[in-house]
Amino acid sequence: MIQAENLTKFYGNFQALSGISFEVEKGEILGFLGPNGAGKTTTMRILTGYMPPSDGRAMVAGYDTFEESLEARKHIGYMPETVPLYTDMTVAGYLDFMGKLRHVSDRRNRIAEVMERLDLTDRADTLIGRLSKGYRQRVGLAQAILHDPEVLILDEPTIGLDPRQIIEVRNLIKSLGGEHTVILSTHILPEVSQVANRVLIINKGRLVAEDTPENLTARLKGGRTIQVEIGDRGVDATKVLREVAGVTKVEKIGEGKYELTCDSDQEVSPLVAKKIVSEGWPLIELKKVSLSLEDIFLHLTTEEQTDIEEEMEVQNA
Amino acid sequence: MRNLLAITQKELNSFFASPIAYVVSAAFLAVAGFLFVMILFITREASLRYLFGNLVVILFFVAPAISMRLLSEEFRSGSIELLMTSPIRDWEVVWGKWFAALALFLVMVALTFFYPLVLKLLGTPDWGPIISGYIGLILMGATMLALGELTSSMTSNQIVAAILAVVVILILWLIDALAQYTTPAIGSVFNNLALSSHYSAFMKGVIDTKDVLYFLSVIVGSLFLATQILQSRRWR
């Protein structure tokens, strides 16, 4: 649905993007992750046809975003960062205007439907200038989904929202996947792991990593980690647990608590549970620990940190 | 066309949602009314000839006040990003906005139509020069609005856009004064470039195709340039 080939962008002498390539399949939700100035917004602006790339090209829904910009734009819903809206228009008036520009058929019903979905119905006649940040964000989202586009590009969609609204918006985005192809950028890591099927991490205009949120975590840690707690405090289970197939390392992390590092390609938990039970120890807890993406983020994009500090970050997870 | 009309309609709503339209119209009508009465008392003539000559001077300021926000405000608020990523061509944005400004101006002009009616009550006006004068005034206003939109495309600051527009309009108005200081060939270029030299005939009741074409080409030229400038923003 979306192909980006070798996207490069210069602002004067400053190189904002240096050769980013990626593809997004239909129905996928792709998360763009990166610190400020990484090139997320630039990439999105190229995909939406707002600006041409200095080199490379982007295709959306089969159309070149620069050569056939107008066609490509018809298939895109875009929500820019800090959604710029016309403050002197009412919510309904604004959506009506955007609907006209996108040639939405049966505009009135569609607008009512979208407002209902985003809980905006009771603000239909309020001036956008009088709305709170959260409501404005929702209006921005409403205009993006108004014409039921195949591709949705959302730049920091949850920025400035309160926790309840953040959850609502994330659920909304999740519900849009499958039918729509979604790209969202964020610097909030739990957001990406909750919402996206796949993550691209960008730093200084380069693609640093590309994977599923789970795999990225696994890849960084060099395997999966399981924590177990057994009720028999007297015994040292380290040796026994080490014998389970697939376990590469066992560490005692507390009274009766162990952390097991396992090969990522096998499901080790049932084997571990079986082993513990067969030893006759009461199994109190067994859980998978996945490293939060926050740490990957630090690991991947923070260059100032020394290796030791990075290691600390990982340990503290 | 649908896109263009959508832009025009939205822009007109914005004019009337903000105080600008009311303040500018009120100011225009107050000054125009004052001039009309003064001129009528002084000349005791059932004509609008002198009024049209003076109204243009008000337009120097009224037109930029209407046009200054057209594009500048979109740049300032960032809403241009959503407009330029909608499936709509850049020229449709520029022309749609100009039509809205023109519509507002036409409303203001229409509100002065009772002046000739007053003349009709008091005497026997010659309708020819009144009609041609109105056509000239409207063409002049439309041209100034196009020039104003051009300067509005250059900056995200409305005030700067307005000042630039006044300067450009004044230069184009006065440029024929330079004619006498140069060679006749260059002088005639200046004369033909000047807004003022294409306006006087309308007040006398003459509608010259050359004058009409001049105004239309300045309008098309300004809006073309404004579109180019808008497009060039994509490359920055």
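The values are calculated or read from the model by the stated rules, or taken from the named source; none is laboratory data. In this text the structure is predicted, and so the values were computed from the model without any measurement. Virtual Cβ from ideal backbone geometry, glycine too; neighbours counted across all protein chains shown.
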Return a yes/no flag: does region B:148-162 have any residue that is modelled with pLDDT of 95 or more and either touching a Phe, Trp or Tyr at 6+ places or on another chain (Cβ under 6 Å) or within 18 Å of B:Leu51 (Cα to Cα) (or both). yes
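Rundown of residues vs (1) under 27 Å from A:His103 (Cβ atoms); (2) touching an Asp or Glu at 6+ places or on another chain (Cβ under 6 Å); (3) within 14 Å of chain A (Cβ to nearest Cβ); (4) not polar (S, T, N, Q), yes/no style:
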position: B:Ser14; (1), (2), (3), (4): yes, yes, yes, no
position: B:Ala26; (1), (2), (3), (4): no, no, no, yes
position: B:Gly53; (1), (2), (3), (4): no, no, no, yes
position: B:Ser67; (1), (2), (3), (4): no, yes, no, no
position: B:Trp98; (1), (2), (3), (4): yes, yes, no, yes
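Which of the residues belonging to region B:139-170 are in contact with a Pro (Cβ under 6 Å, 6 or more places away or on another chain) and small (Gly, Ala, Ser)?
So in region B:139-170, the residues in contact with a Pro (Cβ under 6 Å, 6 or more places away or on another chain) come out as B:148, B:162, B:165-166.
Correct list: B:Gly148, B:Ala162, B:Ala165.
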Select from region B:69-93 the residues that are facing chain A (nearest Cβ under 10 Å), in a helix (DSSP H, G or I) and polar (S, T, N, Q) and list them in ascending order. B:Ser77
Selected residue [within 9 Å of chain B (Cβ to nearest Cβ) and at pLDDT below 90] from A:Thr48, A:Thr82: A:Thr82
Unique residue being at pLDDT 90 or above, more than 9 Å from chain B (Cβ to nearest Cβ) and either surrounded by fewer than 18 Cβ atoms within 10 Å (Cβ to Cβ) or not in a strand (DSSP E or B) (or both) when the list is A:Ala58, A:Ala142, A:Ala72: A:Ala142
Among (1) over 23 Å from the mean Cα position of the chain (by Cα); (2) part of a helix (DSSP H, G or I); (3) more than 30 Å from A:Leu141 (Cα to Cα) - the single one B:Ala46 does not satisfy: (2)
What pairs come up if the first residue lies in region A:9-32 and is over 22 Å from A:Pro157 (Cβ atoms) and assigned by TED's automatic domain parsing to the domain that holds A:Ile76, the second is assigned to a strand (DSSP E or B) and of a type in the set (Ser, Thr, Tyr), and their beta carbons are under 9 Å apart, counting only those six or more places apart or on different chains? A:Lys9/A:Ser18; A:Gln15/A:Thr8; A:Ser18/A:Thr8; A:Gly19/A:Thr8
All but one of (1) within 22 Å of B:Glu74 (Cβ to Cβ); (2) in contact (Cβ under 8 Å) with a residue 24 or more places away in the chain; (3) part of a helix (DSSP H, G or I) hold for A:Gly77, so report the exception by its number. (3)
Looking only at region A:100-132, which residues are crowded, with 21+ Cβ neighbours inside 10 Å and facing chain B (nearest Cβ under 9 Å)? A:Leu101, A:Arg102
Starting from region B:223-236, keep only residues that are within 14 Å of chain A (Cβ to nearest Cβ), then list their pairs with residues that are of a type outside the set (D, E, K, R) whose Cβ atoms are within a distance under 6 Å, requiring at least 6 positions of separation or different chains. B:Leu230/B:Ser153; B:Arg234/A:Met51
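Per-residue answers, yes or no, for (1) free of Cβ contacts under 8 Å to residues at least 24 places away in the same chain; (2) surrounded by fewer than 19 Cβ atoms within 10 Å (Cβ to Cβ); (3) not basic (Lys, Arg):
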{"position": "B:Arg44", "(1), (2), (3)": "yes, yes, no"}
{"position": "B:Leu48", "(1), (2), (3)": "no, no, yes"}
{"position": "B:Ser72", "(1), (2), (3)": "no, no, yes"}
{"position": "B:Arg76", "(1), (2), (3)": "no, yes, no"}
{"position": "B:Ala103", "(1), (2), (3)": "no, yes, yes"}
{"position": "B:Thr112", "(1), (2), (3)": "no, yes, yes"}
{"position": "B:Leu121", "(1), (2), (3)": "yes, yes, yes"}
{"position": "B:Trp127", "(1), (2), (3)": "yes, yes, yes"}
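Suppose we filter region A:6-33 for residues that are of a type outside the set (Ser, Thr, Tyr) and under 23 Å from B:Arg236 (Cβ atoms); how many remain? Break it down stepwise before answering.
Within region A:6-33, the subset of a type outside the set (Ser, Thr, Tyr) is A:6-7, A:9-10, A:12-17, A:19-20, A:22-33.
Okay, now just the ones that are also under 23 Å from B:Arg236 (Cβ atoms), so A:6-7, A:9-10, A:12-17, A:19-20, A:32.
Looking only at that region, the number is 13.
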For B:Ser232, indicate whether it is modelled with pLDDT of 85 or more and either within 22 Å of B:Phe99 (Cα to Cα) or β-branched (Val, Ile, Thr) (or both). no
